[in-house]
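K.L.:
Sending over a structure as structure tokens; questions will come in a sec.
No lab work stands behind these numbers, since they all come straight from the coordinates. None of these values were measured; they are calculated from a predicted model. With ideal geometry, Cβ positions are generated from the backbone for all residues, glycine too; neighbour counts draw on all protein chains shown.
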Amino acid sequence: MTKNSYCVVLGVTGGIAAYKALDIISALKKKDIEVNVIMTRSAKEFVSPLTFQTLSQNIVVSDMFEEPKAFEIQHISLAKKADIILVAPATANIIGKVANGIADDMLSTTIMATKAKVVFALAMNTNMYNNKIVQENISKLKSYGYEFIEPTSGRLACGDDGKGKLADTKYIADKVESMLYNPKDLEGKTVLVTAGPTIANIDPVRYITNKSTGKMGYAIAKEARDRGAEVILISGPTNLEKPFEVEFISVNTNEEMLKEVLWHYEKADIVVKTAAVSDYKPRYYSEEKIKKSEDSISIELLKDKDILKTLGEKKQNQILVGFAAESSNLIENAKNKLIKKNLDYIVANDILHTGFALEDNEVSIICKDGDVIKLESMNKKKVAKELFDIVNKRR
């Protein structure tokens, strides 16, 4: 984000999920996002304003007619200050008010007065959520540009089962952070990312793989998404959480990854190939588990498909980015790989110093014109940002 601090105005309404808004504040604060809270009168029946004030470290606003703490009209002040107004939980009541232009409390007046994006994280009884009036109000607001975070399904506080639970608070905070991200310089672009390891099967229980965690590829997919791109993430097996609002395709083998990459390649504008694909596979696959009988065993390996080289040969207008994990002659080997595989950029990583599982990377980005941009040690999120900054500046 280019702006040092963003401001989210969090509107808390009178639903049983009001207490979950405290987790949203905590998550946003950890992302260095300022939070100002507006509570409706009903919300104060569920959670004390003091609790929100303590977590947000800002005065909680509720009463329109309360004497202001500063010489300003508070609903106008907050309406102007907000980068996003997030209403969580958003009840049928607040949806109905805003959809019909009713501004009779601090929250609804602030929403009416703002030019910022307004997001409703819905939470209510499942019958209320499915009510035609509520659904019409939601559709009406969507047509006006208001955004919604849909509720999830499960057992509700009233005992009913169905759709109506407030979405996961971490997801809500991550979604808001993504919406705040600047610049949105990949809007209208499709970014294809590969991540993680692949496996080469030996028998039904054994396989060959590598130490790739997939973290770099997932960070790149999230960065592209936050910058406005449509993202396709093709991933080998990892323990990572699937990024939201990303088309996710799970694969295991080199062959499966190649098939999926080629299927989506033509529509991609930028392809970032971070996956550590198995270079070799056993010549023979045993349909039955190989029994332990000898002191040693030999497995003959064959060279597998070179996915990156295949993409370089088929490249038309795509920007193709590769990764080189090297243990010696880092820049020289990476440059040779860039030329040999017809890449536009390659990210060179010395695995003896940074390895696979570490959170920070120290990499060099090598451009097709020969420029070498060495980055200081930084986390994978920042590496992803630097990579797209370079690609966008030079395309």
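K.L.:
Compute the normalised compactness of the stretch 190-313: alpha-carbon radius of gyration over 2.2 N^0.38 Å, N being the residue count. Walk me through the intermediate numbers first.
P.N.:
Details: Rg = 16.2 Å, N = 124, 2.2 N^0.38 = 13.7 Å.
This ratio for the stretch 190-313 stands at 1.18.
K.L.:
Another one. State, as an integer percentage, the relative contact order of the stretch 204-278 based on alpha-carbon contacts under 8 Å between residues 6 or more apart.
P.N.:
Details: 71 pairs, mean separation 25.3, N = 75.
Normalised by residue count, the contact order of the stretch 204-278 is 34 percent.
K.L.:
Same structure, new question: Measure nothing fancy, just the Cα-based angle from helix 380-394's long axis to the longest principal axis of the chain, in degrees from 0 to 90, nearest 10.
P.N.:
Once rounded, the angle reads 80 degrees.
K.L.:
Have a look at the stretch 234-298 and give its Rg and Dmax from the Cα atoms, expressed in angstrom.
P.N.:
Values for the stretch 234-298 (Cα only, Rg and Dmax): 16.6, 52 Å.
K.L.:
Whole-Hz ³J(HN,Hα) for each residue in the stretch 128-138, computed from phi via Karplus 6.51 cos²θ - 1.76 cosθ + 1.60 with θ = phi - 60°, x for glycine and proline: what do you get?
P.N.:
5, 4, 7, 4, 4, 5, 4, 5, 5, 5, 4
K.L.:
How many times 2.2 N^0.38 Å is the alpha carbon radius of gyration of the stretch 303-393?
P.N.:
Values: Rg = 13.0 Å, N = 91, 2.2 N^0.38 = 12.2 Å.
Relative to the 2.2 N^0.38 Å estimate, the stretch 303-393 comes out at 1.06.
K.L.:
Using per-residue counts of other Cβ atoms within 10 Å, averaged over each peptide, order 313-326, 151-164, 287-300, 84-97 from highest down. Working shown, then result.
P.N.:
Working: 313-326: 18.0, 151-164: 14.2, 287-300: 8.0, 84-97: 23.8.
Packing proxy ranking, top to bottom: 84-97, 313-326, 151-164, 287-300.
K.L.:
While we're here: Distance cut-off 30 Å, Cα to Cα: go down the list LYS163/LYS242; LYS170/LYS341; LYS44/LYS380; LYS337/LYS381 and report the pairs above it. Numbers along the way, then the final one.
P.N.:
Values: LYS163/LYS242 22 Å; LYS170/LYS341 40 Å; LYS44/LYS380 41 Å; LYS337/LYS381 24 Å.
From the list (LYS163/LYS242; LYS170/LYS341; LYS44/LYS380; LYS337/LYS381), the Cα-Cα distance tops 30 Å for LYS170/LYS341; LYS44/LYS380.
K.L.:
Where both partners of a DSSP beta bridge lie in the chain, what percent of those bridges are antiparallel, to the nearest 5?
P.N.:
Numbers: 20 of 64 bridges.
The antiparallel proportion sits near 30 percent.
K.L.:
Then there is this: Can you give the Rg and Dmax of the stretch 243-376 based on its C-alpha atoms, in angstrom?
P.N.:
Rg then Dmax for the stretch 243-376, in Å: 17.6, 55.
K.L.:
Can you list the aspartates and glutamates whose alpha carbon sits under 15 Å from that of LYS117, skipping same-chain ones fewer than 8 residues off?
P.N.:
Cross-link targets: ASP83, GLU147, GLU177.
K.L.:
Return the inverse of the average 1/r over all pairs of distinct C-alpha atoms in the stretch 274-317, which is the Kirkwood hydrodynamic radius, in Å to one decimal. Write down the numbers at each step before the final one.
P.N.:
Numbers: mean 1/r = 0.0739 Å⁻¹.
The Cα-based Kirkwood calculation yields 13.5 Å.
K.L.:
Right, next: Taking the simple approach of a point 7 Å from Cα along Cα-to-Cβ for both LYS211 and TYR285, what is their distance in nm?
P.N.:
2.8 nm
K.L.:
So how tilted is helix 215-226 from the main axis of the chain? Cα-based, degrees 0 to 90, rounded to 10.
P.N.:
40 degrees
K.L.:
Right, next: Using a 7 Å offset from Cα along Cα-Cβ at LEU302, what residues in the stretch 246-265 end up with backbone N under 17 Å from the label point?
P.N.:
In the stretch 246-265, the label zone of LEU302 (backbone N under 17 Å from the point 7 Å along Cα→Cβ) covers 253-259.
K.L.:
For the stretch 251-263, what does the Karplus curve 6.51 cos²θ - 1.76 cosθ + 1.60, with θ = phi - 60°, yield as ³J(HN,Hα) per residue in whole Hz, taken in order and with x for Gly and Pro?
P.N.:
Values per residue, Gly and Pro as x: 9, 10, 9, 3, 4, 5, 5, 4, 4, 5, 5, 5, 5 Hz.
K.L.:
Which of (1) 32.3; (2) 25.0; (3) 27.0 is the computed mean projected area of the Cα convex hull in nm² for the structure on display?
P.N.:
Answer label, from the structure shown: (2).
K.L.:
Could I ask something else about it? Evaluate E = 1/(1 + (r/R0)^6) for LEU375 and ASN182, where r is the Cβ-Cβ distance and R0 equals 22 Å; express this FRET efficiency to the nearest 0.05.
P.N.:
Numbers: r = 21 Å, r/R0 = 0.96.
Efficiency for this residue pair is about 0.55.
K.L.:
Considering only the stretch 7-180, what is the antiparallel percent among its DSSP beta bridges, to the nearest 5? Before the final figure, lay out the partial values.
P.N.:
Working: 4 of 23 bridges.
Given both bridge residues lie in the stretch 7-180, the antiparallel proportion sits at roughly 15 percent.
K.L.:
Please give the Cα centre distance for the stretch 182-259 versus the stretch 101-177, rounded to the nearest Å.
P.N.:
31 Å
K.L.:
Here's a follow-up. When the Debye formula is applied to the Cα atoms of the stretch 7-180, each taken as the same point scatterer, what base-10 log of I(q)/I(0) results at q = 0.11, 0.15 Å⁻¹?
P.N.:
-0.41, -0.78
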